[in-house]
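For reference, the structure discussed in these notes is given below.
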Amino acid sequence: MDVLRTDGITMQFGGVRAVSDLKLNIQEGEIVALIGPNGAGKTTVFNMVTGVYKPTSGNIFYTKETGKEVNITGKKPSDIAKLGIARTFQNIRLFKDLTVYENVLIAKHLHLKSDFLSATLHLPWYMKEENNDKKEVEELLKSVNLWDIREEKSSSLPYGQQRRLEIVRALATSPKVLLLDEPAAGMNPNETEDLTGFIKEIHDKFKLTVFMIEHHMDLVMDISDCIYVLDFGENIAKGTPDEIQSNDRVIQAYLGVDEDA
């Protein structure tokens, strides 16, 4: 079953077509990668899926837990997140002066049902909801081995742990689909290897569908079920890691290009 699909989405910025007639079909439970050269339109795709941009044309569909498919094209980012689509960013966006625990607790507020007045007056139903959130944050941090550093400020963490915390904060919104925008950016080989294992772990533990943009080909080829390749906004290939690695057009457009070129 497709949990996320795009029906010919196009994004035009003035005279520049960043993404052209893109069709994606992401199955529930898959790990799907979107790769391509810098400027190929990958982050633009994420921004359309998460409501930052409304496609110039085409539609985006998401299948809810009930099995009902809904059109999420042009919905607000907060509404899309509430449906069950969470994302991280290429540039880490943690609250640097807050602790690990506080960063994750804030994410729980996405689904807060109590209003501002209830929170201000600490009314019983708000306090019950707040206590439930705190319990869930504790369970989440313990399950991903971050509980012991819960009181550390996020800015004091090593880079690899900051990346991990950002992913965990996204998990706190209880997503069905997790979008990772270059999660291994800036990581050394050891950190990338640790991250690869972490993505596999949370994918299995939380029964996630993962959609990621990534330049580290070892990570992509190791964990992806399906890979889409963009070049100048167009999808030039789709397939398994083995199929993508042997695709002449992909090799010419991307895989055969020296990363430092």
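Observations on the model:
- Among the residues listed as ASN190, ASN131, the single one being of a type in the set (S, T, N, Q), touching a Gly at 6+ places or on another chain (Cβ under 9 Å) and modelled with pLDDT under 95: ASN190
- Restricting the first member to segment 55-79 and to residues that are in the same structural domain as ALA18 (by TED's automatic domain parsing), and the second to residues that are among the charged types (D, E, K, R) and assigned to a loop (DSSP other than H, G, I, E, B), the beta-carbon pairs closer than 8 Å and six or more apart or on different chains are THR63/GLU28; GLU65/LYS176; VAL70/LYS64; THR73/LYS54; GLY74/LYS54.
- Given (1) at pLDDT 95 or above; (2) buried (at least 18 other Cβ atoms within 10 Å of the Cβ); (3) over 26 Å from LYS96 (Cα atoms); (4) not aliphatic (A, V, I, L, M), number of the condition ASP231 does not satisfy: (1)
- Residue pairs whose Cβ atoms lie under 9 Å apart, sitting 6 or more positions apart in sequence or on different chains, and linking a residue in segment 4-19 that is under 21 Å from THR209 (Cα atoms) and assigned by TED's automatic domain parsing to the domain that holds GLU234 to a partner that is among the acidic types (Asp, Glu) and at pLDDT below 95, do not occur here.
- Segment 50-81, subset closer than 30 Å to PRO158 by Cα and not polar (S, T, N, Q), residue nearest to the chain's Cα centre (by Cα): ALA81
- Test: residue in segment 199-207 that is among the hydrophobic types (A, V, I, L, M, F, W, C), in contact (Cβ under 8 Å) with a residue 60 or more places away in the chain and in the same structural domain as VAL250 (by TED's automatic domain parsing): yes
- Between LYS54, LYS75, the distinction of being surrounded by 13 or more Cβ atoms within 10 Å (Cβ to Cβ) and over 21 Å from THR173 (Cβ atoms) belongs to LYS54 only.
- All helices (runs of 4 or more DSSP H) inside segment 1-115 with 3 or more residues being farther than 26 Å from LYS142 by Cα: 42-49, 77-83
- Selection from segment 5-51 of residues that are buried (at least 17 other Cβ atoms within 10 Å of the Cβ) and in contact with a helix residue (DSSP H, G or I) (Cβ under 7 Å, 6 or more places away or on another chain): ILE9, MET11, ALA18, VAL19, LEU22, ILE31, ALA33, LEU34, ILE35, GLY36, THR50, GLY51
- Residue in segment 234-250 that is modelled with the lowest pLDDT, counting only those that are closer than 23 Å to THR196 by Cβ and of a type in the set (A, V, I, L, M, F, W, C): VAL250
- Of the candidates MET11, MET1, the single residue that is of a type in the set (A, V, I, L, M, F, W, C) and modelled with pLDDT of 95 or more is MET11.
- Hey, ALA172 within 20 Å of the chain's Cα centre (by Cα), more than 21 Å from GLY41 (Cβ to Cβ), touching a residue at least 12 places away in the same chain (Cβ under 8 Å) and crowded, with 20+ Cβ neighbours inside 10 Å or not: yes
The values are calculated or read from the model by the stated rules, or taken from the named source; none is laboratory data. Remember, it's a predicted structure, so these values are computed and weren't measured experimentally. Every residue, glycine among them, receives a Cβ derived from its backbone with ideal geometry; neighbour counts consider all protein chains shown.
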